[in-house]
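Student: I'd like to ask some things about the structure below.
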Amino acid sequence: MASTKITEQERGRYEWWAFLFIIILLFPLLSMALVSGYGFTIWALQVFVFGPPGHG
């Protein structure tokens, strides 16, 4: 079995790519999913359970 060793320079490069992937792509997608999910939950509760906000 051949073992492949990663040098410190290559490891640093992989870490930077992972960091940029997380910051540029993953965090914005997760934040949009959380905000959208929260909005959908509020909408569904108003439609099916509580009704629209009003004078009460």
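The values are calculated or read from the model by the stated rules, or taken from the named source; none is laboratory data. From a predicted model like this one, the values you see are computed outputs, not experimental measurements. Side chains are part of the model used for accessible areas, which takes the heavy atoms of the whole protein and leaves out ligands, DNA and RNA. Shrake-Rupley method; radii C 1.70, N 1.55, O 1.52, S 1.80 Å.
Student: Determine which single condition Val35 fails, assuming it passes every other condition in (1) more than 11 Å from the chain's Cα centre (by Cα); (2) open to solvent by 90 Å² or more (accessible area, probe 1.4 Å); (3) at pLDDT 95 or above.
Tutor: Failing condition for Val35: (1).
Student: Kindly provide the set of residues from the stretch 6-16 that are of a type in the set (Ser, Thr, Tyr) and open to solvent by less than 100 Å² (accessible area, probe 1.4 Å), ordered by number.
Tutor: Selection gives Thr7 alone.
Student: Here is a further query. If you check Phe40, Phe19, Phe48, which single one turns out to be at pLDDT below 95, assigned to a helix (DSSP H, G or I) and open to solvent by 100 Å² or more (accessible area, probe 1.4 Å)?
Tutor: One residue alone meets the criteria, Phe48.
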